[in-house]
Amino acid sequence: MTTMDRKAWIGLLARAPAARLAELMPTLPPHSFLRPPEIGAVMVRGRIGGTGSAFNLGEMTVTRCSIRLDDGTLGHAWVQGRDKGHATRAAVADALLQTNDSTRVKAEVLSPLATEAAEHRNARASKAAATKVEFFTLQRGEDQ
Amino acid sequence: MTPAALTGGFADAPLQSAQAFRSILQAMARPGTIHDLTGALPPPPLSVAAGVALLTLADPSTPVHLAGATDTPAVRGWLAFHLGAPLVGAEEADFALGTWADLQPVSRFRIGQPDYPDRSATLIVAVDHLEPEGVRLCGPGIRGAAQLSLPGIPALQANAAMFPLGFDCLFTCGTRIAALPRSTRLEVL
Amino acid sequence: MYVAVKGGERAIDNAHAWLAEERRGDLAVAELTLGQIREQLRLSVNRVMAEGSLYDPDLAALAIKQARGDLIEAIFLIRAYRTTLPRLGGSWPVDTAEMAIDRRISATFKDLPGGQILGPTFDYTHRLLDFRLAADGEAPVPAATATPSPDAVPHVMGLLDRDGLIEPAPVTDGTPRDLTRAPLELPADRALRLQAITRADEGFLLSLAYSTQRGYGRTHAFVGELRIGTVAVEVDIPELGFSVAIGEVELTECETVNQFTGSATQPPQFTRGYGLVFGQSERKAIAMSLVDRALRWQELGEDFVGAPAQDEEFVLSHCDNVQATGFLEHIKLPHYVDFQAELELLRRLRHDTQRMASQQNAEAAE
């Protein structure tokens, strides 16, 4: 397991629609909370001029959670929004992805989430592409 | 981060931190009174009371200074997970932890500015002995006089003399806590 | 002077009950769901998130419902709620160059890499009421699609910057000052001003920006680029030891190209104004970039012409609608004692004047 893998799946689980994750993970293995789901805020920052120094744009709601599976594996989650079930499921999934169960969880949870996220992104990009202006120059008299 | 760093926090943060905040508020409002502060298990050498006070008061926007023997990998990991508070030198700290000896010289800590006396540090001092005896306390929040077993009395008297500037202190011993705001005057009997 | 007065409890309870009933309106009409508000009144939701300074569409929808559609009241509710949330950390600055773009236009270059993408805009509608929506409108025809270009959509400013024609955007390290954590102290740096005006009242900012266009601190602004879309929010997670893109926010970004300056050391170059706002809020983003630019007169060595939009103290102290409405509306609350004192004083003054007048009359008669 590399950090990049884990960084990617924790992000994917965090950005997944909570209801969809609940469908994909209807039951959870036994686990205990190191940090019960906690709702808070993260200050979102921007850059002046898009590329300059940072400034505070405003906060967004975040729920974080840390769990331990019975075999001792730890799972962490920080997810956007205020859904405690989402944070718990994401933390459990993070732990499971570090166990022998990872292949199954990748296939049953991560793959559909990744596909659906890509589809969603592509659907919007396709609509945006259809509104791209194709300029054409009107024929000018002096050219003839 | 070790698994030990992830344990020992509040189980029910909203309720427990509200209760702990109330106790700390009482301690601060009634200097010299001793209150129980429980509900978390920080790694040693932090006392339970010091851990609970930090969980209640500190967050990513309050820089913390770990003095002397308090600065261990276990404590750093625990603070990172449960508080997210940045660790800084004494001069920038909102909160500082350690024994009285570790915290010397206390002149390093922020005492606020005349127009913003609140921009000052709170020292969370670990003591071996915390009893209502010894130096006499008087001032706001004390009916008549109170007594508290305190270290470093000359430095604390000097701090009180700077009022409204100065740092504030919380003294912790196991699960017990008492407070010494800068407004309290100390008289050696 | 403030004096506590008791009483009116029953009246207040009854007023609240009636308020709840009025909020619900005619029971024969179906109740609004939060989903309906979130999806169908999305620009209201965006405004509440931007000025409430908290990105959470469901909460904003709830606030709008509870406030009976009064957006400033809804913003007030969000501001009150956000104070209850523990601050878990700060994000990496979002990278708007990597935005998943819904809309991107430039008023300065016709042909530019990535093209002009109109997105879901009101711009070319005729502003005629559409009565089909009144007649229980059917689902609209699905939006047309086209194959998205895999090419990057670079910032227009980057193109000007490459040729050194626009002032650079310097990067300084360190955590920016945060006006939600420390009281506003003037002078503010540009980062603090941007935080204040991104959560400022849209109407106030619009009027200020318009005033600069009409000559009160003119800055000759062109919209270099306006883009709307979603960006990832990446946060350092202490327990993991690395950062994760934990969410996405929709943003509107506006960069203006403004009148140029030059000096002994610097060749003439365009200057810039910047706007970045939660949600699809382009009126606000454009206004923000104009006001940002007007506030930079000192840094750019321009004259202070006394225009409101140039006056940092004026703009930052009056741009927040929650502060403004709080102070404005408090004067309707009981001031019985204050007013009695004024009344007393006025009576005494009148009495004194009358006495003096009659004295003078008596002296004149002698």
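No lab work stands behind these numbers, since they all come straight from the coordinates. These figures come from a predicted structure and were not determined experimentally. Cβ sites come from the backbone with ideal geometry, for glycine too, and all protein chains shown count toward neighbours.
Brief remarks on what is shown
- Computed label-point distance, nm, for sites B:E187 and B:D36 using a 7 Å Cα→Cβ extension: 3.3
- Per-peptide average of other Cβ atoms within 10 Å, ordering C:246-258, C:166-178, C:58-70, A:88-100 highest first: C:246-258, A:88-100, C:58-70, C:166-178
- Using the Cβ-Cβ distance between C:R68 and C:F314 with R0 set to 25 Å, the FRET efficiency works out to roughly 0.20.
- Contact order relative to length of chain B, as percent, for alpha carbon pairs under 8 angstrom and 6 or more apart: 24
- Computed over the range C:305-366, the P(r) tail beyond 19 angstrom holds 65 percent of alpha carbon pairs.
- Size of the range C:9-82: Rg and Dmax of its alpha carbons, in Å, are 13.1, 38.
- By average C-beta atoms within 10 angstrom, highest first, the peptides C:277-287, A:107-117, B:37-47: C:277-287, B:37-47, A:107-117
- Kirkwood hydrodynamic radius over Cα pairs of chain C, then Stokes diffusion coefficient at 37 °C and 0.692 mPa s, in µm²/s: 134
- When each of the peptides C:305-314, C:21-30 is scored by how many other beta carbons lie within 10 Å of its residues on average, the order from highest to lowest is C:305-314, C:21-30.
- Maximal additional length on extending the C:H126-C:E363 stretch stands at 77.5 nm, based on 0.36 nm per residue less the C-alpha distance.
- Under a model in which nothing but the beta-carbon of Lys, Arg (+1) and Asp, Glu (-1) is charged, chain B shows a dipole of about 300 debye around its Cα centre.
- What the Cβ-Cβ distance of C:R177 and C:L300 gives, at R0 = 25 Å and to the nearest 0.05, is a FRET efficiency of 0.75.
- Over the range A:3-104, equivalent-ellipsoid semi-axes from the Cα gyration tensor in Å: 28, 15, 12
- Diffusion coefficient, µm² s⁻¹, Stokes-Einstein with Kirkwood Rh over alpha-carbon pairs of the range C:212-339 at 10 °C and 1.306 mPa s: 89
- Under the simplified labelling scheme, the A:R121-A:A22 pair shows an inter-label distance of 2.6 nm, with each label point 7 Å from Cα along Cα→Cβ.
- Dipole of chain A computed with +1 at Lys/Arg Cβ and -1 at Asp/Glu Cβ about the Cα centre; of A:W9, A:S102, A:I39, farthest Cα towards the positive end is A:I39.
- Peptide C:318-329 - average C-beta neighbours from other chains (10 Å radius): 0
- Each of B:L46, B:H35, C:T121 was scored by the projection of its Cα onto the charge dipole of the protein assembly as shown, and the greatest displacement toward the positive side belongs to B:H35; charges sit on the C-beta of Lys, Arg, Asp and Glu.
- Calculated on alpha-carbon atoms, Rg and Dmax of the protein assembly as shown in Å: 30.3, 116
- Spacing of the modelled spin labels on C:A135 and B:A145, each 7 Å from Cα toward Cβ, amounts to 9.2 nm.
- Residue with peak Gaussian network fluctuation, chain B [Cα springs, cutoff 10 Å], from B:I177, B:I124, B:I111: B:I111
- Given R0 = 30 Å, the distance between the Cβ atoms of C:R10 and C:D338 translates into a calculated FRET efficiency of 0.70.
- Only helices enter this figure: runs of n ≥ 4 DSSP H residues, each worth -39500 (n - 2.57), summed and divided by the residues of the protein assembly as shown, yield -11000 deg cm²/dmol at 222 nm to the nearest 500.
- Over chain B - Rg/Rh using Cα atoms and the Kirkwood inverse-distance radius: 0.95
- Mean partner shielding of peptide C:137-148, defined as the number of other chain Cβ atoms within 10 Å of each residue Cβ, is 4.
- Chain B - share of DSSP beta bridges that are antiparallel (%, nearest 5): 50
- Counting, for every residue in A:72-85, the Cβ atoms of other protein chains within 10 Å of its Cβ and taking the mean gives 4.
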